[in-house]
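Chemist: What follows is a single structure, and I will ask about it in a moment.
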Amino acid sequence: MLRSHRLIHSNGRMRFLLIGMLLILSLALAACGGDAEAPAASAPAAQATTAPAAEAPSAPAAPAEEDRLGSTLIGTIEGPEIITDESLFPTSFSEAPMLAEKVAAGELPPVEERLPVPSDLLVIQPLDEIGIYGGTWRRGFTGPGDGQNGHRVAGGDRFVHWDADEFPKVVPNLAKGWEINEDSTEIILYLREGAKWSDGEPFTANDVMFWFEHMYQNSELVPVRSPFFNIDAGANLEMVDDYTLRFTFPRSNSLFVEVMGSSINVFGGQANFGNVAMGGYAPAHYLQQFHPDFVDQAELNATVAREGFDNWVNLFKDKNTWQRNPDLPVLTPWKTVNPITTDNWVLERNPYYFGVDTEGNQLPYIDRISMTLAENLEVLNLRAIAGEYDYQSRHIALANLPVLLENQEEGNYTIHLDPAQHGADGAFQWNQSYEADPEIARLIKDVNFRRALSLAVDRDAINEIIFLGIGVPGSAVVAETSPFNPGPEYRTLWSTYDPETANQMLDDLGLTQRDAEGYRLRTDNGQRIIIELPTIPAFIQFTQLAELVKEDWARVGIFANVSQQERTLVETRRGANELHVFVWQNDGTDELYLYPLHALPVTPDSGTGPGFGAWYSSNGTAGIEPPDNVKRVLDLFSEGLTATNEERVDIGKEIWATITDEVWTMGTVGQSGAFMGVRIVKNNMGNIPSRQFNIQAGQTPNISRPSTFFFRDAGQ
């Protein structure tokens, strides 16, 4: 049978807070990553002593909710609606003036011929009103590596989509519907008949099969296949007809529809993942000319040489990169016309986009998106404060919120806050697979060492200083609004400020010897215990955050070495199992089974144990075998992947209860909006949600359907 669908410590900290509210110094902090030089990790330890740790300060008094900066900026989650009742579909259609001119000139067919058949339209009811055509959406981006900047606003070409205000509900998108059999081993996906690529060629199941047979199964293009669609374990895809696909699995896979709606590479859409030959489909009629299955090898080699590549694989992936190749046919509302490799990345409306509003107006409303290169984040934030952007949330620093608010009227914009659902905007992921220094490795793997250092952290002070009092202090557990949250008591578990208990726990671990400065000494060689905290200058003030944690840990005798480093270097060291702690956030963990990376060691890039992650992802053939407690959680995760929806929720709660109790990640403050949740919007834009789901799975603001955003003065 088939079924269809989180009083400042001292005068010094107070000064830090006040300085953070001044424009120039705020931006300087964001740019340089800190004004205090971190001590060198190789500093020699002084003579051993049992001197007590510095006296712990009293906990700060939390301000009343109405006094919190930004408390009035968090609205109610809302968004447009996808209409699925065909009786409510429009029967006549309109188009943007720029396209009507092309139709009149014979350069385009009429709008009715560019859309899917009437019963297969994507019909979107805008949030507030039918929009006005025209205008250019001005944004900022940071360079060729900032593709997500465009994907999140102009992408959204996945088969299915997250609902804007009923997460985790999944709604139709590129696919008009689906059916799942009783045991979730078979999923039938129905495509939109008459949907077309941006060049006017039909989009059919053949484009999915081209991807599946000639890209996904080609080991040169895709050397490592997705665990979410493991064809080696029996998963399969077949074409029923031009607009119908059948996915089959050797065991229950009720998670699969959510996978298709998320930014997961296997079926995350061409815009997001075409550059790595993933995404779930590709324009066969265009890409065949770059593939050895369809072109003579000598001819292909000549093309490779002429285009300046070293092999056909790199040529093919470049040609299938949405943000780089203006010639690439796409299915997104806008398509690249000036690539990301220039100072001005420009996208223009796709004349064949398959979506309309409830009155039959072909979407998108806005003609083009123009993203100007910002040399650094300081420049981008200055431009935002000056009102040079129409809508921007990516790269807008929470530390600049006071200045943004001060300039709202002059800049003719409004600030919205979209707190994320993950638990830690400042997360300290303990590398439990670390091995290079046996003494440090022993401590990191000791649950009471991790618990003690978590109790030593004053999260209320961090919230006021780094997060302007907006966030929720506590553990790294997912937000209470998540079905996977095991209970409100887990927010404070091992996460309240209690340096006295922390000191005692460290003493109980035998770390009683201290140097003249009060720092605890190693048990193997009598030198100072040093925990390395490398930080990355991105999204929030991670270096300042780590410096505050360093101060707190010093009060219980643990020395932390904070060093700001380039992102790629830190991530490379993480993958090489060299880090003690990965300082980041745990974004994505609100959808634990889809984005477990920042909670569980399931890949070689997992901060909580990349060695364990390599072991898990290779089925034990590589990496480091984890201890039994970690294995148990990994087994639960595997079980949850194939469980029913109800079972998966219960298993998720158990996982979160365990890893929060064992402090796999030390949370500080979460749900602040620091992670792409500070939204600056010009007052002339319409259909802008008061608040939107800020989740990795929804690719904010894509979850709010930017194709329905418009400029109220566009027609003037």
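The values are calculated or read from the model by the stated rules, or taken from the named source; none is laboratory data. In this text the structure is predicted, and so the values were computed from the model without any measurement. All Cβ positions, glycine included, derive from the backbone under ideal geometry; neighbour counts span all protein chains shown.
Chemist: Keeping to the stretch 180-193, report how many residues are surrounded by fewer than 21 Cβ atoms within 10 Å (Cβ to Cβ) and under 24 Å from Leu115 (Cα atoms).
Modeler: Residues meeting the conditions: 3.
Chemist: Something else: Of all residues in the stretch 354-386, how many are in a loop (DSSP other than H, G, I, E, B) and either among the charged types (D, E, K, R) or modelled with pLDDT under 95 (or both)? Lay out the reasoning, then the answer.
Modeler: Filtering the stretch 354-386 for residues in a loop (DSSP other than H, G, I, E, B) gives 354, 358-360, 363-367, 374-376, 386.
Filter again for either among the charged types (D, E, K, R) or modelled with pLDDT under 95 (or both), leaving 359, 367, 375-376.
Adding up the residues that qualify gives 4.
Chemist: Find all pairs meeting these conditions: Cβ atoms under 6 angstrom apart; at least six residues apart or on different chains; first residue within the stretch 515-536 and farther than 30 Å from Leu377 by Cα and in the same structural domain as Glu551 (by TED's automatic domain parsing); second residue hydroxyl-bearing (Ser, Thr, Tyr) and surrounded by 19 or more Cβ atoms within 10 Å (Cβ to Cβ).
Modeler: Arg528/Tyr519
Chemist: Leu453 versus (1) buried (at least 24 other Cβ atoms within 10 Å of the Cβ); (2) not in a strand (DSSP E or B); (3) not assigned by TED's automatic domain parsing to the domain that holds Ile530: which is the lone unmet condition?
Modeler: With respect to (1) buried (at least 24 other Cβ atoms within 10 Å of the Cβ); (2) not in a strand (DSSP E or B); (3) not assigned by TED's automatic domain parsing to the domain that holds Ile530, Leu453 is out only on (3).
Chemist: Quick check on my filter: what residues within the stretch 545-589 are over 30 Å from Gly698 (Cβ atoms), in contact with a strand residue (DSSP E or B) (Cβ under 7 Å, 6 or more places away or on another chain) and of a type in the set (Asp, Glu)?
Modeler: Answer for the stretch 545-589, where residues must be over 30 Å from Gly698 (Cβ atoms), in contact with a strand residue (DSSP E or B) (Cβ under 7 Å, 6 or more places away or on another chain) and of a type in the set (Asp, Glu): just Glu547.
Chemist: Kindly indicate whether Gly469 is on the phi > 0 side of the Ramachandran plot, modelled with pLDDT of 95 or more and of a type in the set (Gly, Ala, Ser).
Modeler: Against the criterion (on the phi > 0 side of the Ramachandran plot, modelled with pLDDT of 95 or more and of a type in the set (Gly, Ala, Ser)), Gly469 does not qualify.
Chemist: Among the residues of the stretch 215-225, are any of a type outside the set (Lys, Arg) and in contact with a strand residue (DSSP E or B) (Cβ under 9 Å, 6 or more places away or on another chain)?
Modeler: Yes; the residues of the stretch 215-225 include at least one that is of a type outside the set (Lys, Arg) and in contact with a strand residue (DSSP E or B) (Cβ under 9 Å, 6 or more places away or on another chain).
Chemist: Which condition number in (1) modelled with pLDDT under 95; (2) among the hydroxyl-bearing types (Ser, Thr, Tyr); (3) over 26 Å from the mean Cα position of the chain (by Cα) is the one that Thr523 fails?
Modeler: (1)
Chemist: Checking Trp322 against (1) within 26 Å of Gly274 (Cα to Cα); (2) out of contact with any His (no Cβ under 9 Å at 6 or more places or on another chain); (3) surrounded by 20 or more Cβ atoms within 10 Å (Cβ to Cβ), which test does it fail?
Modeler: It fails just one condition, (2).
Chemist: Can you confirm whether the stretch 238-249 contains a residue that is among the polar types (S, T, N, Q), more than 17 Å from Leu221 (Cα to Cα), out of contact with any helix residue (DSSP H, G or I) (no Cβ under 8 Å at 6 or more places or on another chain) and surrounded by fewer than 23 Cβ atoms within 10 Å (Cβ to Cβ)?
Modeler: Step one: of the stretch 238-249, the residues among the polar types (S, T, N, Q) are 244, 248.
If we keep only those that are more than 17 Å from Leu221 (Cα to Cα) too, we end up with 244, 248.
Within this subset, residues satisfying the condition of being out of contact with any helix residue (DSSP H, G or I) (no Cβ under 8 Å at 6 or more places or on another chain) are 248.
Next, only the ones that are surrounded by fewer than 23 Cβ atoms within 10 Å (Cβ to Cβ) stay: 248.
Taking every residue of the stretch 238-249 in turn, at least one turns out to be among the polar types (S, T, N, Q), more than 17 Å from Leu221 (Cα to Cα), out of contact with any helix residue (DSSP H, G or I) (no Cβ under 8 Å at 6 or more places or on another chain) and surrounded by fewer than 23 Cβ atoms within 10 Å (Cβ to Cβ).
Chemist: Check Val170, Val208, Val222, Val153 and return the single one that is in the same structural domain as Pro283 (by TED's automatic domain parsing), in contact with a His (Cβ under 8 Å, 6 or more places away or on another chain) and of a type in the set (Val, Ile, Thr).
Modeler: Exactly one residue qualifies, and that residue is Val170.
Yes/no per residue for (1) in contact with a strand residue (DSSP E or B) (Cβ under 8 Å, 6 or more places away or on another chain); (2) of a type in the set (Asp, Glu); (3) closer than 22 Å to Met98 by Cβ; (4) in a loop (DSSP other than H, G, I, E, B):
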position: Asp293; (1), (2), (3), (4): no, yes, no, yes
position: Asp310; (1), (2), (3), (4): no, yes, no, yes
position: Lys317; (1), (2), (3), (4): no, no, no, no
position: Glu348; (1), (2), (3), (4): yes, yes, yes, no
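Chemist: Of the residues Val562, Val556, Val549, which is buried (at least 20 other Cβ atoms within 10 Å of the Cβ), of a type outside the set (Ser, Thr, Tyr), in contact with a Lys or Arg (Cβ under 9 Å, 6 or more places away or on another chain) and not in a loop (DSSP other than H, G, I, E, B)?
Modeler: Step by step, each of Val562, Val556, Val549 is checked, and only Val562 is buried (at least 20 other Cβ atoms within 10 Å of the Cβ), of a type outside the set (Ser, Thr, Tyr), in contact with a Lys or Arg (Cβ under 9 Å, 6 or more places away or on another chain) and not in a loop (DSSP other than H, G, I, E, B).
Chemist: Sticking with this structure for a sec: What is the one condition in (1) in a loop (DSSP other than H, G, I, E, B); (2) under 30 Å from Phe141 (Cβ atoms) that Thr512 does not satisfy?
Modeler: Every listed condition holds for Thr512 apart from (2).
Chemist: Considering only the stretch 53-165, give the strands (runs of 3 or more DSSP E) lying wholly within it that have at least 2 residues that are more than 23 Å from Pro419 (Cα to Cα) and at pLDDT 95 or above.
Modeler: 81-83, 122-125, 136-141
Chemist: Please work out which residue is farthest from the chain's Cα centre (by Cα), limiting yourself to the stretch 193-223 and to residues that are under 20 Å from Met260 (Cα atoms) and in a loop (DSSP other than H, G, I, E, B).
Modeler: Across the stretch 193-223, the extreme among qualifying residues is Glu193.
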